[in-house]
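What follows is a single structure, written as structure tokens, with notes after it.
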């Protein structure tokens, strides 16, 4: 059985668009009023130490058990309830629906900066942010906090920076990235990603989602860093992406050794794409582990040939792309593993995205005169 949500109606007739918006506003105010009552109830429970009467170790454990919330949510409820008990204008605005819980939390954080000055300014601050969007409300209170206690704000900013983190892990065939950055570092990353994901700079046929464009942009930034920066040596070598593969895999046959150092097995097609423009080291083995001979690492495409290719193509040759040469790979029209020559006539420049699409057969190379 499937439940279907029907649009609200008034007197049996569907509501007009403006009526729907007004109804939503009313319901949000009602939700804020309910949140205010919940906050007041928690404050009274704290005042009475009610968790002792009911046999709980703490108020946090009581809320977790009775409401089914996490410890973090329970602690946040207690923190807000404790604070607003001494914030009459804020509590009144929450009760009336003029402020929602998110803005109340901003006020509670501001109060912690300088509680004495906050008490003098509270009504003005409440009136100011009640008519602002969430981002502007936060900005207004941030500036008030700087004026109230700049030294505290500076210390808090350093504390925020100390909380920065980035986790990279390989799970189920995908690389998962999770982290948080301080405002300055975050702005640097956002600006760098935006420079490569601005829709005005992309071809009209780009069907990637915004999140896919950001993922590709991050990859391009890292690839450019590895290709063009003076990196410190690791065990006498500059860092680079290493692919371990057998000749059979390079020829496109499945089930043969074909993998990356950290992220594991890749497909032969992906390996062929990486091998289009790479440095190759021949290793001859007996069986899977006995090394008989290791050749010198040689570039598939020489520096001189790359210069000629860049001069001819300029950047990615796919119509409408416009990716500059710095972001491009050299692609063998007929792969060298299939006998294709490493010559100017058999090479074209492709950006990373179009290089993948061409190898996958989803994009065709344009005809050359």
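What follows is calculated from the coordinates using simple rules that are stated; it is not laboratory data. Computed from a prediction, not measured in an experiment: that's the story for all the values here. Cβ sites come from the backbone with ideal geometry, for glycine too, and all protein chains shown count toward neighbours.
Between the helical axis of 183-197 and the longest alpha-carbon principal axis of the chain there is an angle of about 50 degrees.
Of the residues 126, 363, the one with the fewest other Cβ atoms within 10 Å heads the list, and the complete ranking is 363, 126. Each of 59, 242 was scored by other Cβ atoms within 10 Å of its Cβ. Listed from fewest to most, they are 242, 59. Before rounding to the nearest 500, sum -39500 (n - 2.57) across all DSSP H runs of length at least 4 in the chain and divide by the residue total; then give [θ] at 222 nm in deg cm²/dmol. It lands at -16000 deg cm²/dmol.
What is the Cα centroid distance between the stretch 70-88 and the stretch 153-217, reported in whole angstrom? Here the answer is 32 Å between Cα centres. Rounded to the nearest 10 degrees, the inclination of helix 101-111 to the longest alpha-carbon principal axis of the chain is 80 degrees. When you restrict to C-alpha pairs under 8 Å that are six or more residues apart and normalise by the size of the chain, the relative contact order lands at 8 percent.
Here the Gaussian network model covers the chain, with springs between Cα atoms less than 10 Å apart; of 35, 122, 22, 22 fluctuates the most. Structure remark: mean-square fluctuation, Gaussian network model of the chain, C-alpha springs under 10 Å; the largest value among 214, 180, 29 belongs to 29.
Students often get this wrong, so try it: which of (1) -0.84, -1.48; (2) -0.96, -1.33; (3) -0.75, -1.38 is log10 I(q)/I(0) by the Debye sum over Cα atoms at q = 0.11, 0.15 Å⁻¹ as calculated from the structure shown? Given (1) -0.84, -1.48; (2) -0.96, -1.33; (3) -0.75, -1.38, the structure-derived one carries the label (2). Against the main long axis of the alpha-carbon atoms of the chain, helix 150-162 sits at an angle near 40°. Among 25, 333, 84, determine the one that fluctuates most according to a GNM of the chain built with springs between C-alpha atoms less than 10 Å apart. Its mean-square fluctuation being the largest, the pick is 25. Averaged over residues, the count of other Cβ atoms within 10 Å places the peptides 109-115, 215-221, 154-160, 335-341 in the sequence 109-115, 215-221, 335-341, 154-160, highest first. Exposure proxy ranking for 16, 118, based on other Cβ atoms within 10 angstrom of each Cβ and starting from the fewest, stands as 16, 118.
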